[in-house]
Amino acid sequence: MGARYPPKIRKKIEEIKKLSKKKYRCPKCDMDAVVRVQVGIWRCKKCNYKFAGPAYYL
Ligand SMILES: [Zn+2]
């Protein structure tokens, strides 16, 4: 009891969090400027292209 997730899963969640903060390549302008704005929604900072994608990382 106490911890919400077993250590193994918690580590995985940390990895996903890290990945979700990374910048990704925009499929439209090809710049590494895509950031996650919310779960499943991604936006390119250069061209403002917004698209649905995987929840946490591309
Ligand atoms: Zn773009």
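We did not get these values from a lab; they are worked out from the coordinates using the rules stated. Quantities reported herein were computed from a predicted structural model and do not represent experimental measurements. We place every Cβ from the backbone using ideal geometry, glycine too, and count neighbours over all the protein chains shown.
Annotations for the structure displayed:
- Restricting attention to the stretch 39-58, the residues being assigned to a loop (DSSP other than H, G, I, E, B), surrounded by fewer than 12 Cβ atoms within 10 Å (Cβ to Cβ) and more than 9 Å from the chain's Cα centre (by Cα) number 1.
- Residue in the stretch 21-38 that is more than 16 Å from the ligand (Cβ to nearest atom) and surrounded by 12 or more Cβ atoms within 10 Å (Cβ to Cβ) present: no
- Complete set of residues in the stretch 39-58 that are of a type in the set (A, V, I, L, M, F, W, C) and more than 16 Å from the ligand (Cβ to nearest atom): V39, A55
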